[in-house]
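Before any comments, here is the structure.
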Amino acid sequence: GMPLLDSLYALNGIFEKSVPYKECLALVQNGVASGGTLAAGLVEVRLFTPILVNLVRVGEESGQLPLVLEQVSAYYKQKVAALAGRITSMIEPCIILGMGVTVACILTAIYLPMFNMGGAVVTTTSCV
């Protein structure tokens, strides 16, 4: 596999637009480059969950870090998918309501002048 420090340096391009993650990654890179562990660097930045930090620590101690990181990746992919599903289901009623209001405005804009013209015709014929 790829050395850990090289892997951390390879992540630099990913977090260019996300300043908090970019700064934390730099701190972790410096910690690992100075001889620290990945878990210690993750604890230092205080951005990652304790579960993730503990799993990384166990993976480092057991020599199974790549396997542990794959399992962590699968776990977080599942959590993100579930969160996206919940957000989507919460936004759907708002979108449907917005579409209904838009259709109502369009129909009002079309039919209101017709009804006004119809009322003007009835008023004109009743005067005769």
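The table for this structure:
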quantity: Tally of residues being free of Cβ contacts under 8 Å to residues at least 12 places away in the same chain and either in contact with a Gly (Cβ under 7 Å, 6 or more places away or on another chain) or open to solvent by less than 60 Å² (accessible area, probe 1.4 Å) (or both) across segment 16-35; calculated: 2
quantity: Subset of segment 36-70 [open to solvent by 70 Å² or more (accessible area, probe 1.4 Å), over 25 Å from the mean Cα position of the chain (by Cα) and free of Cβ contacts under 8 Å to residues at least 12 places away in the same chain]; calculated: Val58, Glu61, Gln64, Leu67
quantity: Hits in segment 1-15 (condition: outside any helix (DSSP H, G or I) and either more than 16 Å from Gly41 (Cβ to Cβ) or in contact (Cβ under 8 Å) with a residue 24 or more places away in the chain (or both)); calculated: Gly1, Met2, Ile14
quantity: Filter pass, Ala104 being without any contact (Cβ under 8 Å) to a residue 24 or more places away in the chain, in contact with a Lys or Arg (Cβ under 8 Å, 6 or more places away or on another chain) and assigned to a helix (DSSP H, G or I); calculated: no
quantity: Looking only at segment 51-70, and only at residues there that are part of a helix (DSSP H, G or I) and among the polar types (S, T, N, Q), the one that is farthest from Ala39 (Cα to Cα); calculated: Ser62
quantity: Qualifying residue in segment 71-90 (condition: open to solvent by 70 Å² or more (accessible area, probe 1.4 Å), farther than 20 Å from Cys24 by Cβ and not in a helix (DSSP H, G or I)); calculated: no
quantity: Meets criteria (over 30 Å from Leu42 (Cα atoms), at pLDDT below 95 and not charged (D, E, K, R)) for Val128; calculated: yes
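The values are calculated or read from the model by the stated rules, or taken from the named source; none is laboratory data. Small disclaimer: the values here were computed from a predicted structure and weren't measured. Here the Cβ is made from the backbone with ideal geometry for all residues, glycine too, and neighbour counts use every protein chain on show. In case anyone asks, the SASA skips ligands and DNA or RNA and just uses the protein heavy atoms, side chains included. Shrake-Rupley method; radii C 1.70, N 1.55, O 1.52, S 1.80 Å.
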